[in-house]
């Protein structure tokens with residue numbers, strides 16, 4: 001089935017597809033995960049906020065062009081659920097290829113919305129934890 | 001009215017109280033904003049994820065002990081609403097006192113939940129945008 005016809009029946013299915021797209025550098029699958037709406041936002045670790053499908057798509061295109069294929073392990077999941085909106089908070093443990101070490105975890109807040117075409121991602125906010133110095137904290 | 005008796009009737013009221021607490025270094029008000037539940041998480045800019053009321057409270061206590069009183073301006077708001085759960089994404093423009101310059105914006109994802117005691121914050125995920133270099137992006 002073409003990626004743009006996929007319908008995810010739960011936030012978990014959408015999240016699994018999101019991390020599969022990252023692992024496979026699969027831009028079609030990645031954009032099938034995101035809601036078909038301009039009110040979507042993506043923050044890559046250390047990056048600016050990117051709003052709307054064009055900006056989100058372009059960022060993944062650039063990332064996939066340079067990625068050797070990321071390996072993911074998730075931990076420390078917590079969640080907030082409502083009927084049509086779910087927030088997952090996870091730690092992403094990432095390594096670039098099987099022979100690399102895992103990097104310090106990335107904290108990701110993933111927001112999913114129930115649309116007319118199943119559950120879609122509307123927000124991905126990721127931030128690095130390698131800046132551990134408390135002096136860096138602004139508030 | 002004591003802060004721990006406050007009931008916020010909308011996510012907007014909770015958010016306004018959150019930023020008022022930050023501005024006033026008001027720990028009582030800050031902890032009245034957060035849900036009275038262990039399933040809460042707070043990520044300060046560049047920091048680790050803090051889970052549960054004790055860890056969240058301790059972090060604000062430390063921040064307020066050293067803060068001269070932060071001035072806030074918010075911009076670029078977007079939101080995702082459901083009946084009992086709301087996600088606000090904002091840019092926080094912060095300066096430390098009236099005579100300072102505003103720092104590069106912080107991106108904050110704020111999650112509010114409708115509880116038996118009104119709308120409460122359950123998640124605050126803030127990340128700095130001063131690391132603008134694309135080489136810093138992990139994924």
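What follows is calculated from the coordinates using simple rules that are stated; it is not laboratory data. What you are looking at is a predicted structure, and each value in this text was computed from that prediction instead of being measured. For neighbour counting, all protein chains shown are included, and Cβ atoms are generated from backbone atoms with ideal geometry for every residue, glycine included.
Numerical summary
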item	result
Gyration tensor verdict on the range A:1-110 (Cα atoms; rounded if a/c is under 1.5, prolate if a/b is larger than b/c, oblate otherwise)	rounded
Projected area averaged over orientations for the protein assembly as shown, convex hull of C-alpha atoms, nm²	14.6
Mean-position separation - Cα centroids, the range A:1-57 and the range A:80-114, in angstrom	13
Degrees separating the helix B:53-66 axis from the principal Cα axis of chain B, which is the longest one	50
Which of A:66, A:124, B:91, A:44 has the fewest Cβ neighbours within 10 Å, and the rest in rising order	A:66, B:91, A:124, A:44
Fewest-first sequence of A:14, A:129 by Cβ atoms within 10 Å of each Cβ	A:129, A:14
Mean separation of Cα contacts under 8 Å, 6 or more apart, over the residue count of the range A:28-78: relative contact order %	23
Between helix B:11-24 and chain B: long-axis angle, C-alpha atoms, 0 to 90°, nearest 10	60
Per-residue Cβ neighbour rank within 10 angstrom, fewest leading, A:67, A:9, A:41	A:9, A:67, A:41
Computed [θ] at 222 nm, helices only, for chain A once each DSSP H run of length n ≥ 4 contributes -39500 (n - 2.57)	-8000 deg cm²/dmol
Contact order relative to length of the range A:7-128, as percent, for alpha carbon pairs under 8 angstrom and 6 or more apart	29
